[in-house]
Amino acid sequence: AGRFEPAERLRKLQRESAEGRVRLERLLEEVSDLRAENEALRGARDALEASQARRGGEDKAAAWLARTERESLERRIAHLGSQLDEARLSNQRLHEAHLRLEAEVRERRAAVDDAQHALASEQAAAEARSADA
């Protein structure tokens with residue numbers, strides 16, 4: 001049972017790596033959407049600020065709301081950027097562990113193959129000795 005542990009760990013790491021990639025893609029999409037929304041809000045804010053001189057207090061309030069919302073979105077983008085960096089780092093660590101486990105599995109398979117070959121050779125030699133006797 002012990003020789004299957006690396007394979008099970010490898011499958012688990014592969015699954016976690018795939019889940020990490022999905023999460024990473026989802027975060028990338030969300031960051032992209034938020035950046036686009038942030039740019040649209042900046043444009044709206046700029047237009048509102050340009051019209052402040054003509055429109056008075058109402059436009060000032062709208063500009064303040066747009067600026068507040070933009071600042072909130074910028075904080076959200078910064079937070080998502082941090083999560084994205086963490087997800088990338090985690091994905092990189094999982095990938096490295098995956099590669100180490102693959103190498104370990106290959107080494108164990110080679111050791112099993114060598115042991116089976118040695119056993120078969122010993123059995124053949126024993127059979128030859130018993131046939132000669």
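Name the single residue, out of those in the stretch 25-51 being without any contact (Cβ under 8 Å) to a residue 24 or more places away in the chain and open to solvent by less than 50 Å² (accessible area, probe 1.4 Å), that is farthest from the chain's Cα centre (by Cα). My answer is S51. Of all residue pairs spaced 6 or more apart or on separate chains, those with beta-carbon atoms under 7 Å, a first member in the stretch 63-79 that is farther than 11 Å from N38 by Cα and a second member that is among the polar types (S, T, N, Q) are A63/Q52. Under the condition of being in contact (Cβ under 8 Å) with a residue 40 or more places away in the chain and open to solvent by 50 Å² or more (accessible area, probe 1.4 Å), the residues counted in the stretch 94-111 number 3. Looking only at the stretch 31-71, residues that are within 30 Å of A87 (Cα to Cα) and among the polar types (S, T, N, Q) come to 3 in all.
Could you please find all residues in the stretch 82-133 being more than 30 Å from R15 (Cα to Cα) and either outside any helix (DSSP H, G or I) or touching a Ser or Thr at 6+ places or on another chain (Cβ under 6 Å) (or both)?
Of everything in the stretch 82-133, just one residue is more than 30 Å from R15 (Cα to Cα) and either outside any helix (DSSP H, G or I) or touching a Ser or Thr at 6+ places or on another chain (Cβ under 6 Å) (or both), namely A133.
Based on what the data block shows, is S51 of a type outside the set (A, V, I, L, M) and modelled with pLDDT under 90? Quick ask: steps written out before the conclusion?
Numbers: of a type outside the set (A, V, I, L, M): yes; modelled with pLDDT under 90: yes.
Yes; evaluated as a whole, the condition is true for this residue.
The values are calculated or read from the model by the stated rules, or taken from the named source; none is laboratory data. What you see is a predicted model, and the numbers here were worked out from it, not measured in a lab. Don't worry about glycine lacking a Cβ; one is built from the backbone with ideal geometry, like all the others, and counts go over all protein chains shown. Please note that ligands, DNA and RNA were not included when accessible areas were found on the heavy atoms of the full protein model with its side chains. Shrake-Rupley method; radii C 1.70, N 1.55, O 1.52, S 1.80 Å.
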